[in-house]
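Chemist: I'd like to ask some things about the structure below.
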2 protein chains.
Amino acid sequence: MATSTKPVLHGYFRSSCSWRVRIALALKGIDYDQNNVNLVKDGGQQVTDQYKKINPMQQVPTLTIDDMTLSQSLAIIQYIEETRPGPHLLPPDLKKRAQVRMICDIIASGIQPLQNLYVIKKIGAEKDSWAHHFIQRGFEALEPILKQTAGMYSVGDEISMADICLVPQVYNAERFKVDICQFPTIKRLNQTLLKIEAFKVSHPSCQPDTPAAMQA
Amino acid sequence: MATSTKPVLHGYFRSSCSWRVRIALALKGIDYDQNNVNLVKDGGQQVTDQYKKINPMQQVPTLTIDDMTLSQSLAIIQYIEETRPGPHLLPPDLKKRAQVRMICDIIASGIQPLQNLYVIKKIGAEKDSWAHHFIQRGFEALEPILKQTAGMYSVGDEISMADICLVPQVYNAERFKVDICQFPTIKRLNQTLLKIEAFKVSHPSCQPDTPAAMQA
């Protein structure tokens, strides 16, 4: 399936959806190149005609892989899961797979889109309280679900896509000053996961495009 | 895998995410019961303590199936796909699967959440133009993608999850007065799909909770 060309990740250090893909690539041990798409400089490089050709939604991440251009982080991660060896990102048990996907979708459809850059830009002055509201609301739902599904990680004792979505969303929550101490399961999972190499090397604080002032 | 108990879909006739699940159940030929959750009456039945227990996000749909309570339409549909016989909702070809998931996620993460009831309620008076803006923006991205991937249906010549997401989103687009004629591929796919039995029987105009004035 794999071609000899390295995948290229078009992403941005602080984009939580780019981080999701970086974690998946790291967990699978896939070597890749990064093409940095600065979402804020000069109105954003994602709105250029050149970038719109590879991602008409004008978002990051986009992954070019196996002569294909794929957008949407969960679609990308599931393609990697289905075509590459390495640790499973979805558990073999079908009920657990469903729980993993449910948690991913709560984050990817129910929380993250509402605090995405192009959305909060449209909100204007109240953007921080808007983002805070929807992350807080989402975490209030996620906490009791994770309390039921979690073992050492979000679903049982193996790392999955649910963990890949959780950690970047906690990072965003902290940016928007949501108090994570309200959510003991989320807090515990995040702390555990941040110690894992794949989550560390993919962290926004140490990417090629991380500004010096934000480096770890 | 299946138990003898019929699945129960907690949904609302006009919810596009409930409609997605109804289409999937119909395509697979799965018999189910409906529990109607009126999203608007008395401030919405989704916010009751009773419903929050099965869906902490206070959203529809939720499916109780195989002694499990699942939320998030795409997680539900993929569980059905992985556990039930019948026509594939994801193509066997791995690149096409990725395209299907990309299209699903553009709709499920990039468009639908921004025009969801609990979001536009927070927008207030400008909610219609807000919803119009994000659906228009999303369809401008989706049209060139579908132009490349579509055959008779959204990806090639077999019905998939991409079609399941597309038709309810077009229904929402029409509600918010987005002119579908701007998007010839989307328009053509929608017209083709609406002729298929599974899309007809699951349509918001003919559900048990459809108000008389909105019945087809």
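The values are calculated or read from the model by the stated rules, or taken from the named source; none is laboratory data. Since the model is a prediction, treat every value here as computed from it, not as a measurement. Note that we place each Cβ from the backbone using ideal geometry, even for glycine, and neighbour counts take in every protein chain shown. Side chains included, ligands, DNA and RNA excluded: accessible areas come from the protein's heavy atoms. Shrake-Rupley method; radii C 1.70, N 1.55, O 1.52, S 1.80 Å.
Chemist: Scan around A:Asn35 for amide H atoms under 5 Å from its own, H built in the peptide plane at 1.01 Å from N, and keep only partners 5 or more places away or cross-chain.
Modeler: Distant-sequence amide H within range of A:Asn35: A:Leu9, A:His10, A:Gly11.
Chemist: Something else: With the full set of protein chains in place, find how many percent of the accessible area of segment B:8-87 is carbon and sulfur; take the probe as 1.4 Å.
Modeler: Carbon with sulfur: 45 percent of the solvent-accessible area.
Chemist: Using +1 at the C-beta of Lys and Arg and -1 at the C-beta of Asp and Glu, which of A:Gly29, A:Gly44, A:Ala98 has the Cα lying farthest in the positive direction of the dipole of segment A:1-149?
Modeler: It is A:Ala98.
Chemist: Using a cut-off of 11 Å between beta-carbons, work out the net charge of the residues near B:Ala108 (Lys and Arg +1, Asp and Glu -1, B:Ala108 not included).
Modeler: Net charge in that neighbourhood comes out at 0.
Chemist: Additional query: Give the span of segment B:94-199's Cα atoms along each principal axis, as three whole-Å numbers ordered largest to smallest.
Modeler: So the extents along the principal axes, rounded to whole Å, are 42, 26, 25.
Chemist: Still on this structure: Can you spot the aspartates and glutamates whose alpha carbon is less than 18 Å from A:Lys177's alpha carbon? Ignore those fewer than 8 places along the same chain.
Modeler: Within the straight-line cut-off, A:Lys177 pairs with A:Glu126, A:Asp128, A:Glu140, A:Glu143.
Chemist: Once you put a point 7 Å from the Cα of A:Gln215 and another 7 Å from the Cα of B:Thr69, both along the Cβ direction, what distance in nm separates them?
Modeler: Taking the two extended label points, one gets 4.9 nm.
Chemist: Just to check I understand the Karplus step: with θ = phi - 60° and J = 6.51 cos²θ - 1.76 cosθ + 1.60, what whole-Hz values come out for segment B:188-202, glycine and proline as x?
Modeler: Once rounded to whole Hz, the list reads 5, 4, 4, 4, 4, 5, 5, 7, 7, 3, 4, 7, 6, 5, 9.
Chemist: Points 7 angstrom from Cα along the Cβ direction at A:Lys187 and B:Glu82: gap in nanometres?
Modeler: Result for the modelled spin labels: 3.2 nm.
Chemist: Taking a label point 7 Å from Cα toward Cβ, how far is B:Lys122 from its twins in the other copies, in nm, shortest first?
Modeler: So the label point of B:Lys122 gives 1.4 nm to the other copies.
Chemist: Shifting gears a bit: Using a 1.4 angstrom probe, figure out how much accessible area the protein assembly as shown has per residue, in square angstrom, rounded to the nearest whole.
Modeler: 41
Chemist: Moving on. When you look at the Cβ of every residue in B:96-102, what mean number of other chain Cβ atoms sits within 10 Å?
Modeler: That average works out to 6.
Chemist: While we're looking at this one, here's another question. When the helices in the protein assembly as shown are scored as -39500 (n - 2.57) per DSSP H run of 4 or longer and the sum is shared across all residues, what 222 nm value do you end up with, to the nearest 500 deg cm²/dmol?
Modeler: Taken over the protein assembly as shown, the calculation gives -15500 deg cm²/dmol.
Chemist: Follow-up question, since we're still on this one. Take peptide A:149-162, look around each residue's Cβ out to 10 angstrom, count Cβ atoms belonging to other protein chains, and average those counts.
Modeler: That works out to 0 on average.
Chemist: Counting partner chain Cβ atoms within 10 Å of every residue's Cβ in B:113-126, what's the average?
Modeler: Mean shielding by partner chains, rounded to a whole number: 3.
Chemist: If you put a point 7 Å past Cα along the Cβ direction, how far is that point for B:Lys52 from the same point in each other copy, in nm, smallest first?
Modeler: Between copies, matching label points for B:Lys52 lie 4.4 nm apart.
Chemist: Name the shape class, rounded, prolate or oblate, that the alpha-carbon gyration tensor gives for segment B:1-127, where a ≥ b ≥ c are the square roots of its eigenvalues, rounded holds for a/c under 1.5, and otherwise prolate holds if a/b is larger than b/c and oblate otherwise.
Modeler: Taking the square roots of the gyration eigenvalues as a ≥ b ≥ c, segment B:1-127 is oblate.
Chemist: Using a 1.4 Å probe on protein heavy atoms only, how many Å² of accessible area do A and B hide from each other, summed over both chains and rounded to 100?
Modeler: Answer for the A-B pair: about 4000 Å² buried.
Chemist: Next question, about the same structure. Compare the peptides A:136-142, A:191-197 by average per-residue count of other Cβ atoms within 10 angstrom and give them in order, highest first.
Modeler: Answer by packing, highest mean first, reads A:136-142, A:191-197.
Chemist: Only Lys, Arg, Asp and Glu count, each charged at its Cβ (+1, +1, -1, -1), so figure out the dipole size of segment A:10-63 about its Cα centre, rounded to 20 debye.
Modeler: With only Lys, Arg, Asp and Glu charged at Cβ, the dipole is about 180 debye.
Chemist: How fast does the protein assembly as shown diffuse by Stokes-Einstein, in µm²/s, taking the Kirkwood radius from C-alpha pairs at 10 °C and 1.306 mPa s?
Modeler: In µm²/s, the coefficient is 73.
Chemist: In square nanometres, what is one fourth of the surface area of the convex hull spanned by the alpha carbons of chain B?
Modeler: 11.9
Chemist: How many angstrom lie between the C-alpha centres of segment B:27-59 and segment B:157-177?
Modeler: 21
Chemist: If you don't mind, another one. When the accessible area of segment B:94-199 is split by element with a 1.4 Å probe, what percent falls to carbon and sulfur?
Modeler: For segment B:94-199, the apolar C and S fraction of the accessible surface comes to 50 percent.
Chemist: In nanometres, what is the gap between the two model label sites at B:Gln148 and A:Val8, each 7 Å from Cα along Cα-to-Cβ?
Modeler: Label at B:Gln148, label at A:Val8, 1.3 nm between them.
Chemist: If you don't mind, another one. Which parts of segment B:32-67, residue by residue, lose 30 Å² or more of accessible area when the rest of the protein chains are there, as against the chain isolated (1.4 Å probe)?
Modeler: Buried by 30 Å² or more upon assembly, which counts only protein chains, are B:Pro56, B:Met57.
Chemist: Run the paramagnetic zone check for A:Val40: 7 angstrom along Cα to Cβ, then residues of segment A:182-216 with backbone nitrogen under 19 Å.
Modeler: Under cut-off, by backbone N: A:203-216.
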